[in-house]
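Read the structure below first, then the notes.
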Amino acid sequence: MVNNIDVRQVAAHCLTEEAAAIQSLLPQLDEQLDRAVELMYHCTGKVIVTGVGKSGHIGAKIAATLASTGTPAFFINPLDIYHGDLGVITPQDVMLALSNSGQTDELLRFVPYLKEHHIVLIGMTSNPQSLLARYSDVHLTVNVRQEACPLNLAPTSSTTAQLALGDALACALMEVRHFRARDFAQFHPGGSLGRRLLTTARDVMRTDNLPVLAPSTPLPDAIVSVSESKLGLVVAVDNDSVVGILTDGDVRRAMQRLREEFFNVQLKDVMTLQPKCVRPDTKLADIQHLLHRNKIHAVLVTDDHHHLLGIVDSFRCAV
């Protein structure tokens, strides 16, 4: 309680209203959305997003989401348009204009320019009868029952709905473009996702002082090598080809199985045959999936002839 106000209840009401606003968009989806996605998909220029005030802030986020998911886009402030920035808009572009009322003067003032130069205009408003809606080639209706604001004045539910519909446009375009995680990583090369999807085994594998032993190595000597390797494993190599791997887990299982014979066997008697191997160009994301799926902590990097090139462990996969 703050000043005798149950702030949690107020917050809960706000979230409930905004959730309802998003849900109310579902019956408003129609062929206009299909046309908007089609126009944006076939756009040979850029999707230019614009809006004033809170709608402008939402528009900037929508533009950023579009740009990061394969649709060239940027946001422009309508006020800048009147001071020389009209030159960035070309007939190859698509303009996406956001206005809750659809009557925003700053937007309507440059509509004649768009029409004169045959530039596609997609309007997003709450009023299909507004001037912006009537002048738009495609109109997306975002009509909410009321604002979540206690006074029903501050743009809250309406801007949440605009943002959600913008995300829906981006998601639809991603599917139409067959946009996948690797494509996303190319637009985010500096983040953890970009590293996982663009980095390969070659980039992170350990190549020096690899723990390699002959299959005939006495098991006690192999165990010492497992400890000294700092990787918790040794690789059995015969005639320059990988034939097996010995890990801490293999050692424990061998102790349970062999008991008193444990120190009288060779590496080849207890090693895991056909260890998990990857090629040097295998992406880090695929290696992480392989480690997780098989509940192992390292994979071997080999060439087409099964020659050992390196080792990638979970530590080197960490992002």
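Picking from residues in the range 236-271 that are under 17 Å from His307 (Cα atoms) and among the small types (Gly, Ala, Ser), the one that is most open to solvent (accessible area, probe 1.4 Å) is Ser241. Among the residues of the range 91-149, just one is open to solvent by less than 10 Å² (accessible area, probe 1.4 Å) and of a type in the set (Asp, Glu), namely Asp93. Entry remark, the range 31-62: residues being under 20 Å from Ser158 (Cβ atoms) and touching a residue at least 24 places away in the same chain (Cβ under 8 Å) number 16 in total.
Applying the condition of being open to solvent by 70 Å² or more (accessible area, probe 1.4 Å) and either modelled with pLDDT of 90 or more or aromatic (Phe, Trp, Tyr) (or both) to the range 275-290 and asking which residue is farthest from Val242 (Cα to Cα) yields Asp281. Residues in the range 41-63 that are out of contact with any Pro (no Cβ under 9 Å at 6 or more places or on another chain) and either more than 19 Å from Ser99 (Cα to Cα) or open to solvent by 60 Å² or more (accessible area, probe 1.4 Å) (or both): Tyr41, His42, Thr44, His57, Lys61. Screening the candidates Val270, Val299 for the property of being under 19 Å from Leu213 (Cα atoms), within 27 Å of the chain's Cα centre (by Cα) and β-branched (Val, Ile, Thr) yields one hit, Val299.
Return yes or no: is Leu291 hydrophobic (A, V, I, L, M, F, W, C) and over 44 Å from the mean Cα position of the chain (by Cα)? No; evaluated as a whole, the condition is false for this residue. Going through (1) open to solvent by 60 Å² or more (accessible area, probe 1.4 Å); (2) touching a residue at least 40 places away in the same chain (Cβ under 8 Å); (3) farther than 26 Å from Pro220 by Cα one by one, Arg293 falls short only on (2). Look at the range 229-244: where a residue is within 12 Å of Leu273 (Cα to Cα) and a partner is in a strand (DSSP E or B) and among the hydroxyl-bearing types (Ser, Thr, Tyr), sitting 6+ places away or on another chain with Cβ atoms under 8 Å, you get Val242/Thr302; Gly244/Thr272.
Entry remark, the range 1-28: residues being charged (D, E, K, R) and either under 15 Å from Leu163 (Cβ atoms) or in contact (Cβ under 8 Å) with a residue 60 or more places away in the chain (or both) number 2 in total.
Summed over the range 291-319, residues that are charged (D, E, K, R) and modelled with pLDDT of 90 or more total 3.
For the range 47-82, the tally of residues that are part of a loop (DSSP other than H, G, I, E, B), within 21 Å of Arg134 (Cβ to Cβ) and over 29 Å from the mean Cα position of the chain (by Cα) stands at 0. Determine whether Val251 is under 21 Å from Asn209 (Cβ atoms), part of a helix (DSSP H, G or I) and either over 40 Å from the mean Cα position of the chain (by Cα) or not basic (Lys, Arg) (or both). Yes, satisfied.
Note on the range 150-173: residues that are open to solvent by 40 Å² or more (accessible area, probe 1.4 Å), within 31 Å of the chain's Cα centre (by Cα) and closer than 29 Å to Gln9 by Cα total 3.
The values are calculated or read from the model by the stated rules, or taken from the named source; none is laboratory data. As the structure is a prediction and not an experimental result, all values here were calculated from the model. Please note: Cβ atoms are built from the backbone with ideal geometry, for glycine as well, and neighbour counts cover all protein chains shown. For the accessible areas, the whole protein counts, side chains as well, though only heavy atoms, and no ligand, DNA or RNA atoms are used. Shrake-Rupley method; radii C 1.70, N 1.55, O 1.52, S 1.80 Å.
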